[in-house]
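Asker: Quick one: this structure, given as structure tokens, is what I'll be asking you about.
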Amino acid sequence: MQPPPRNQPKRRRLLALPAVCPCEGIAPEPLLASLVSLAADVASRRASDAPVLRRAVRHAVRLAGLLLAFLEEVRDADTSTLPFSAVLGLTELHVSMQKMRFLLTDCARRGARLWVLVNAGQIASELRLCLGSVAAAMDVLPRSVVDVSVEAGELGRLVADQAGRAVLRPDAGDRLALRSVRSIMDQFKKGVAPDSEDVMRVLRRIGVETWSQCSEEVAFLDSELAARSDAGDDSSSEVVLINGLMAFLVYCRVVLFDRIDSKQADAVRPATCPEWIRPEALQCPITLELMTDPVTVSTGQTYDRASISRWMKAGCRTCPVTGERLRNADLVPNAALYIVAKFSTGSTEERRKATCEARKLSKHSLFYRARFVEANAVPWLLCLLSIMDASVQDNAVASLLSLSKHPGGRAALVEAGGIGLVVDVVNVGAKAETQQNAVAILFYLSSNAEYAEEIGRFPEAIPTLVRLIREGAQRGRKNAMVSLYGLLQSPSNHAKAVAAGAVAALAGLLCSDRDGDLASDTVSVLQARLAQLVERKALNLVVVGSSPTVGASYFCFISSACSSYDFFFEL
């Protein structure tokens, strides 16, 4: 089986809304802290970035701001007294805000604006569901939480009222533009050139003003068409619609834009959209049915044992897919593909066993890491992160950690939109070990500068690592430090690390770590990245009680840096 192409940008499938459901046993304090960061991210979005559904997006962002104010009131009151009965409501809020963040990202996504317009009704419906979940979550929060202060009580009631009464739908401009699109496509079918004013109305509505922007829209639709064609779904109504939209945009590109603008000179990268899940990878090429006993023949192709056996008993000695002659009749079980099949179709117990096997096989075997990547295991494992069973989630994260050591595994994880899910697991994973393994995944991803920048775009990512450096267990601190080290190779993350308190957290380890183990790693981080972490003359460190080795290393480092920074230390 050939692995899927890796030349697509790192994007999640449009209108796919994956979410990590926090474990039932999680304490309310870390859940609240993660929810505050998530709400802050959603509240920071701008309605002006979304050409379509702008009113609905504005309402969602405003509600997220109210929710953020309410959560901050609850946090500032005294999170240590939060009852465990608050976990249910906070969990529902967390999942709803994750989905809302994805929806707002889709509405502002470049290259997919025409597709967002024709799906505006569905997106508005999804936003309504998210807001309805927010209202339901506010209703199940204990009164002791909602009324923790006068301000919190007023904000909580306002959030519940605004979310419950929200009526989100495409506005008049969206509906008019959509009618124009349908009219133009009908005219194309009749061989009639559309009215230029109707065409321009649509383009103005979706914010497409140049040849290159039009090309981005065409590239996105082409990728959607290719995805459906690869899946054998080339006769559905959606395929017909996509073909019509592409004809409309090609007409605009040829007729309305009389020159190629300068942006295209840099060869705009197609805004292709990778498939989130490829169920056809689990289908037998002969019967097109889900394989129950996948085996690999001498050409490397995989089939269901029963179907390839019938093929060979009929006297055929060639590979059905490649046409190559089979060198022998050996059928080698494809364990990786079999395990991935259990991810998708198995019961909870079967999934627990399958993820356990994936964890064991991928931990020490380079061969099986490659096989799991080829079998498209990464997206399925990401889906299993939302399973409430703590063992399944723990095994899935550990398997993803092993696969993230493979270049193809890292690319697959990013392409499937998994960074946000991994960050969420760091915050609300079922077990401490699960959270630590999730941090280690971020470390392997951060070895790629592009991925490091992508991780930094999640507002809660760097603050979470700094929190673990300050408060985590030994292994969690070490994983967080090396992950932060990797993220700092991207200049865009420097200011975020400073703002999150990274310097103070690292300095605290130098002062508190008596055996010098963590302190040695801290010195390495500071030596390599200090000039990128702090502003000129902005750091004063007091190092007390460190081991002689760490103290000597740090003394040499401080001496070389004194020309740029003011330090005060006592050894």
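The values are calculated or read from the model by the stated rules, or taken from the named source; none is laboratory data. Everything quoted here is computed from the prediction, not taken from an experiment. Note: ideal-geometry Cβ built from the backbone for every residue, glycine included; neighbour counts use all protein chains shown.
Asker: Report, by residue number, each residue of region 434-460 that is in a helix (DSSP H, G or I) and free of Cβ contacts under 8 Å to residues at least 40 places away in the same chain.
Answerer: ILE455
Asker: Then there's this: State yes or no: is SER483 assigned to a loop (DSSP other than H, G, I, E, B) and hydroxyl-bearing (Ser, Thr, Tyr)? First the steps, then the outcome.
Answerer: Details: assigned to a loop (DSSP other than H, G, I, E, B): no; hydroxyl-bearing (Ser, Thr, Tyr): yes.
For SER483, the condition - assigned to a loop (DSSP other than H, G, I, E, B) and hydroxyl-bearing (Ser, Thr, Tyr) - is not met.
Asker: Being of a type outside the set (A, V, I, L, M), surrounded by fewer than 23 Cβ atoms within 10 Å (Cβ to Cβ) and either in contact (Cβ under 8 Å) with a residue 40 or more places away in the chain or not assigned by TED's automatic domain parsing to the domain that holds GLY89 (or both) is the filter here; which residues of region 126-138 pass it?
Answerer: GLU126, ARG128, SER133
Asker: Further, regarding this structure: Kindly indicate the residue of region 380-392 that is surrounded by fewer than 24 Cβ atoms within 10 Å (Cβ to Cβ) and not aliphatic (A, V, I, L, M) and also nearest to GLN283 (Cα to Cα) among those meeting that condition.
Answerer: Among those residues, the one meeting the criterion is CYS383.
Asker: Quick one: count up the residues across region 286-318 that are under 38 Å from the mean Cα position of the chain (by Cα) and assigned to a loop (DSSP other than H, G, I, E, B).
Answerer: Adding up the residues that qualify gives 12.
Asker: A further question on this structure: Given (1) over 30 Å from GLU216 (Cβ atoms); (2) at pLDDT 90 or above, identify the lone condition not met by SER85.
Answerer: (2)
Asker: Quick one: count up the residues across region 341-350 that are without any contact (Cβ under 8 Å) to a residue 60 or more places away in the chain, surrounded by 15 or more Cβ atoms within 10 Å (Cβ to Cβ), assigned to a helix (DSSP H, G or I) and of a type outside the set (A, V, I, L, M).
Answerer: 2
Asker: Next question, about the same structure. Filter region 310-329 down to the residues that are of a type outside the set (Lys, Arg) and either touching a strand residue (DSSP E or B) at 6+ places or on another chain (Cβ under 9 Å) or in contact (Cβ under 8 Å) with a residue 60 or more places away in the chain (or both) and list them by number.
Answerer: If the condition is that a residue be of a type outside the set (Lys, Arg) and either touching a strand residue (DSSP E or B) at 6+ places or on another chain (Cβ under 9 Å) or in contact (Cβ under 8 Å) with a residue 60 or more places away in the chain (or both), then TRP311, THR318, CYS319, PRO320, VAL321, GLU324, LEU326 are the ones that fit.
Asker: Within the bounds of region 437-448, is there any residue that is surrounded by 21 or more Cβ atoms within 10 Å (Cβ to Cβ) and more than 22 Å from SER490 (Cβ to Cβ)?
Answerer: Yes, region 437-448 contains a residue that is surrounded by 21 or more Cβ atoms within 10 Å (Cβ to Cβ) and more than 22 Å from SER490 (Cβ to Cβ).
Asker: State whether the residues of region 183-197 include one that is of a type in the set (Gly, Ala, Ser) and either under 30 Å from GLU73 (Cα atoms) or assigned to a helix (DSSP H, G or I) (or both).
Answerer: Looking for residues that are of a type in the set (Gly, Ala, Ser) and either under 30 Å from GLU73 (Cα atoms) or assigned to a helix (DSSP H, G or I) (or both), one finds at least one in region 183-197, hence yes.
A quick yes/no check of all residues on (1) closer than 30 Å to ALA390 by Cα; (2) surrounded by 14 or more Cβ atoms within 10 Å (Cβ to Cβ); (3) in contact with a Phe, Trp or Tyr (Cβ under 6 Å, 6 or more places away or on another chain):
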{"site": "ARG317", "(1), (2), (3)": "no, no, no"}
{"site": "ILE339", "(1), (2), (3)": "yes, yes, no"}
{"site": "ARG352", "(1), (2), (3)": "yes, yes, no"}
{"site": "LYS360", "(1), (2), (3)": "yes, yes, no"}
{"site": "LEU366", "(1), (2), (3)": "yes, no, no"}
{"site": "ALA370", "(1), (2), (3)": "yes, yes, no"}
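Asker: Return yes or no: is PHE84 aromatic (Phe, Trp, Tyr), out of contact with any Lys or Arg (no Cβ under 8 Å at 6 or more places or on another chain) and either surrounded by 16 or more Cβ atoms within 10 Å (Cβ to Cβ) or in contact (Cβ under 8 Å) with a residue 24 or more places away in the chain (or both)?
Answerer: Yes; evaluated as a whole, the condition is true for this residue.
Asker: I've got another one for you. I'd like the full set of residues that are in contact with a Leu (Cβ under 9 Å, 6 or more places away or on another chain), under 12 Å from VAL250 (Cβ atoms) and either of a type in the set (Ser, Thr, Tyr) or in contact (Cβ under 8 Å) with a residue 40 or more places away in the chain (or both), limited to region 212-227.
Answerer: Residues satisfying the conditions are CYS214, SER215, GLU217, LEU221.
Asker: Residues in region 42-58 that are in contact (Cβ under 8 Å) with a residue 12 or more places away in the chain, surrounded by fewer than 20 Cβ atoms within 10 Å (Cβ to Cβ) and in a helix (DSSP H, G or I): how many?
Answerer: 5
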